[in-house]
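**Student:** I'd like to ask some things about the structure below.
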Amino acid sequence: MPARILIVDDDPVIQKLLTLTLKQTGFELFTANNGAAALAYVDDVKPDLIIVDVEMPEMNGYDLVRKLRQKTATANLPLMMLTSHDTVQEKIKGFEAGADDYMSKPFEPPELQARVRVLLRRAAAPVPEAKQISGKVIAVFSLRGGVGVSTLAANLAASFGQIWGCSTGLIDLVFASGQSALMLNLPLRKTWADLAPVPLADLDGELVEKALLPHASGTFVLAAPNRPEQGELLTSEKVTRVINVLKERYHYLVLDLPHDFSATTLASLDLADEIILVLAPELASLHAAACALDVFDTLNYPRRAIRLVLNWTFERRGLARKEIEDALQRLIEVVIPFVPDAFVLAINRGTPPVLDVPPTPLGALFEDFAYYLSKAEHQQTPPPTPTPTWQRVAARLQQRQQKRT
Ligand SMILES: Nc1ncnc2c1ncn2[C@@H]1O[C@H](COP(=O)(O)OP(=O)(O)O)[C@@H](O)[C@H]1O
Ligand SMILES: [Mg+2]
C-alpha cells in the first residue's frame with residue numbers, strides 16, 4: 001500500500017507543487033488548508049507522514065505540530081516542517097515543537113523525496129527489542145584534538161543507518177564540550193546529564209533510550225551534557241553500563257571519544273570492537289598517534305581491531321602517507337581529503353556530508369568505509385529490501401572488483 005501523506009499549507013501553489021513532487025514517488029497525497037482542518041482530517045486520512053507549513057493564518061505550523069504531538073494518533077508520526085526562512089532559530093523552534101525534519105522553500109524535488117523516504121523508513125523500522133541484538137561498537141579516537149574525530153563519528157553513524165536501514169547509536173563521550181548533537185542539528189533536549197544522577201542499578205534499556213535524541217537519518221544521539229560539570233558524575237561504571245545496554249538495542253554504536261585516556265575513555269575503548277585512530281598529516285598528530293598505539297599495545301588490544309584514518313584537515317605541505325606508515329609501522333586504511341566547504345557547510349546546516357542530496361564523492365568515502373566496518377553477517381547477505389545507499393555502495397564495490405580483474 002502506498003504511504004499516505006497529508007500536506008498542510010494555505011498556499012494552493014505550494015500544495016500543488018508538493019503533491020506533484022511526491023506523487024511521482026508513488027505516494028498517496030491529501031491536503032488541508034489550515035491547522036484546524038488538518039486536526040479534524042487526520043482521523044479520516046490516517047496519514048503515514050504530515051508536512052506542515054510554518055506560516056499559516058490562525059494556527060501557525062509550530063502550534064499545529066505541538067497539537068499533533070498531543071493526539072494519540074499522531075503522537076509518533078513523522079512530521080516535517082516547511083518554511084521560507086532558513087534560520088537556525090527557526091529550525092530549533094520546529095524541533096522543539098516536535099518536528100522530525102525540516103525543509104526550506106524553495107525546495108529541490110529530489111531532496112524532498114529523499115527526506116520523506118528516510119522519515120517513512122525510520123517510522124516503519126521495527127523498534128529494536130532488548131536482548132535481541134549484539135551491536136558492533138566502533139570507537140573513533142585521537143589523542144590530539146581537531147583532527148576530525150567528531151566529524152568521522154557523525155558521518156559513520158549516519159552511514160550505518162543509511163546502508164542497513166537500521167537505527168544507529170552515536171554516543172558523545174566528550175563530556176566537557178561534545179558536539180555530536182550540534183553536527184546533526186539536534187537541540188539538547190536530553191543529554192548524558194539526564195543519566196548522571198541515576199543509580200547504576202537503575203540504568204536499564206528503557207531509561208537509557210529515553211535520553212537519546214532521534215535524527216531523521218536513523219541516528220540516535222546520546223549527547224554530551226550542556227554544562228561540563230554535569231559530566232563529572234558520570235563514572236566509568238555508568239559509561240560501561242550505558243554502552244552495554246545500548247549494544248542490545250542497536251546494530252551499530254559509534255563512540256565519539258575525547259582526546260585523553262581518562263577513566264571513561266578507557267572504559268569505552270575496552271568495549272569497542274574496532275578502534276578508528278584518526279590523525280592529520282603533521283608531526284604533533286603523528287606523535288599523538290604513536291603514543292595512542294603504544295597504549296593500545298600495553299592494554300593488549302588486538303592490532304587488527306585498530307584502523308588508521310588519515311584526515312587532511314589542512315590543505316598542503318602535510319607528511320606523506322608513506323612517511324606516516326613507516327613511522328608508525330602500520331598501514332593507513334582510509335585517507336580523507338581536505339574539503340573545507342563541505343564541512344563548514346555541513347556544520348552550518350547540521351547535516352553531515354554523507355547525507356547530502358545528491359550524493360557527493362566525500363559522502364561515498366564515508367559510506368564505503370562504514371560498509372567496510374559493518375558486521376560480517378550484514379555484508380554476507382544482501383538486505384531483503386536494499387536501501388538506495390546500499391545499492392550505491394554495492395555498485396561501487398562491484399566496479400572496484402571489475403577493475404581488479
Ligand atoms: N577533511 C577535512 N577537510 C576540511 N576540514 C575538516 C576535515 N575534517 C575535519 N575538518 C574540520 O576540522 C575541524 C575539527 O573537526 P572535529 O571533527 O571537530 O575534530 P575533533 O573531534 O577531532 O576535535 C572541524 O571544523 C571540521 O569541520
Ligand atoms: Mg570532537
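The values are calculated or read from the model by the stated rules, or taken from the named source; none is laboratory data. Remember, it's a predicted structure, so these values are computed and weren't measured experimentally. Every residue, glycine among them, receives a Cβ derived from its backbone with ideal geometry; neighbour counts consider all protein chains shown.
**Student:** Going through region 106-139 one residue at a time, which ones are at pLDDT 85 or above and among the charged types (D, E, K, R)?
**Tutor:** Within region 106-139, GLU108, GLU111, ARG115, ARG117, ARG121, LYS136 qualify.
**Student:** While we're looking at this one, here's another question. How many residues does region 210-220 hold that are free of Cβ contacts under 8 Å to residues at least 60 places away in the same chain and either crowded, with 23+ Cβ neighbours inside 10 Å or under 20 Å from LEU271 (Cα atoms) (or both)? If you could, list the steps in order and put the result at the bottom.
**Tutor:** So in region 210-220, the residues free of Cβ contacts under 8 Å to residues at least 60 places away in the same chain come out as 210-213, 215, 220.
Checking the rest, the ones that are also either crowded, with 23+ Cβ neighbours inside 10 Å or under 20 Å from LEU271 (Cα atoms) (or both) come to 212, 215, 220.
Residues meeting the conditions: 3.
**Student:** Which members of region 306-330 meet the condition of being within 27 Å of the chain's Cα centre (by Cα) and surrounded by 14 or more Cβ atoms within 10 Å (Cβ to Cβ)?
**Tutor:** Residues of region 306-330 within 27 Å of the chain's Cα centre (by Cα): 306-315.
Within region 306-330, ILE306, ARG307, LEU308, VAL309, LEU310, ASN311, TRP312, THR313 qualify.
**Student:** Continuing with the same structure: For the condition without any contact (Cβ under 8 Å) to a residue 60 or more places away in the chain, in the same structural domain as GLY146 (by TED's automatic domain parsing) and within 15 Å of ligand 1 (Cβ to nearest atom), what is the one hit in PRO302, PRO281, PRO352?
**Tutor:** Selected residue: PRO281, the only one of PRO302, PRO281, PRO352 that is without any contact (Cβ under 8 Å) to a residue 60 or more places away in the chain, in the same structural domain as GLY146 (by TED's automatic domain parsing) and within 15 Å of ligand 1 (Cβ to nearest atom).
**Student:** So if I check each of SER150, SER167, SER104, which one is among the hydroxyl-bearing types (Ser, Thr, Tyr) and out of contact with any Asp or Glu (no Cβ under 7 Å at 6 or more places or on another chain)?
**Tutor:** SER167
**Student:** Would you point out which residue out of ARG144, ARG121 is touching a helix residue (DSSP H, G or I) at 6+ places or on another chain (Cβ under 8 Å) and touching a residue at least 12 places away in the same chain (Cβ under 8 Å)? Explain how you work it out, then say what you get.
**Tutor:** On the way: ARG121 fails: touching a helix residue (DSSP H, G or I) at 6+ places or on another chain (Cβ under 8 Å).
Exactly one residue qualifies, and that residue is ARG144.
Okay, residues lined up against (1) in contact (Cβ under 8 Å) with a residue 12 or more places away in the chain; (2) out of contact with any helix residue (DSSP H, G or I) (no Cβ under 7 Å at 6 or more places or on another chain); (3) crowded, with 24+ Cβ neighbours inside 10 Å:
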| residue | (1), (2), (3) |
| --- | --- |
| TYR102 | yes, no, no |
| GLY148 | yes, yes, no |
| ALA154 | yes, no, yes |
| LEU188 | yes, no, no |
| ASP204 | yes, no, no |
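**Student:** Output the residues belonging to region 322-347 that are farther than 16 Å from GLU282 by Cα and within 16 Å of ligand 2 (Cβ to nearest atom).
**Tutor:** Matches in region 322-347: PHE343, VAL344, ALA346, ILE347.
**Student:** Here is a further query. Within region 332-349, work out how many residues are within 28 Å of ILE306 (Cα to Cα), free of Cβ contacts under 8 Å to residues at least 60 places away in the same chain and either among the charged types (D, E, K, R) or touching a Phe, Trp or Tyr at 6+ places or on another chain (Cβ under 8 Å) (or both).
**Tutor:** 5
**Student:** Is it true that some residue in region 23-30 is acidic (Asp, Glu) and either in contact (Cβ under 8 Å) with a residue 40 or more places away in the chain or on the phi > 0 side of the Ramachandran plot (or both)?
**Tutor:** No, because not a single residue in region 23-30 is acidic (Asp, Glu) and either in contact (Cβ under 8 Å) with a residue 40 or more places away in the chain or on the phi > 0 side of the Ramachandran plot (or both).
The rows are residues; the columns are (1) at pLDDT 95 or above; (2) touching a Pro at 6+ places or on another chain (Cβ under 9 Å); (3) not hydroxyl-bearing (Ser, Thr, Tyr).
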residue: VAL8; (1), (2), (3): yes, no, yes
residue: PRO12; (1), (2), (3): no, no, yes
residue: GLN24; (1), (2), (3): no, yes, yes
residue: LEU29; (1), (2), (3): yes, no, yes
residue: VAL54; (1), (2), (3): no, no, yes
residue: GLU58; (1), (2), (3): no, no, yes
residue: THR83; (1), (2), (3): no, no, no
residue: VAL88; (1), (2), (3): no, no, yes
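**Student:** If you go through region 292-304, how many residues are surrounded by 13 or more Cβ atoms within 10 Å (Cβ to Cβ) and not hydroxyl-bearing (Ser, Thr, Tyr)?
**Tutor:** 4
**Student:** So if I check each of VAL393, VAL344, VAL339, which one is within 13 Å of ligand 1 (Cβ to nearest atom), of a type outside the set (Phe, Trp, Tyr) and crowded, with 16+ Cβ neighbours inside 10 Å? Steps first, please.
**Tutor:** Numbers: VAL393 fails: within 13 Å of ligand 1 (Cβ to nearest atom); VAL344 fails: crowded, with 16+ Cβ neighbours inside 10 Å.
Answer to the check: VAL339.
**Student:** Quick one: which residue in GLU248, GLU229, GLU237 is without any contact (Cβ under 8 Å) to a residue 12 or more places away in the chain, among the charged types (D, E, K, R) and either outside the structural domain of ALA114 (by TED's automatic domain parsing) or in contact with a helix residue (DSSP H, G or I) (Cβ under 8 Å, 6 or more places away or on another chain) (or both)?
**Tutor:** Exactly one of GLU248, GLU229, GLU237 is without any contact (Cβ under 8 Å) to a residue 12 or more places away in the chain, among the charged types (D, E, K, R) and either outside the structural domain of ALA114 (by TED's automatic domain parsing) or in contact with a helix residue (DSSP H, G or I) (Cβ under 8 Å, 6 or more places away or on another chain) (or both), namely GLU229.
**Student:** Just the residues that are farther than 17 Å from VAL116 by Cβ and not charged (D, E, K, R), please, taken from region 43-60.
**Tutor:** Correct list: VAL54, MET56, PRO57, MET59, ASN60.
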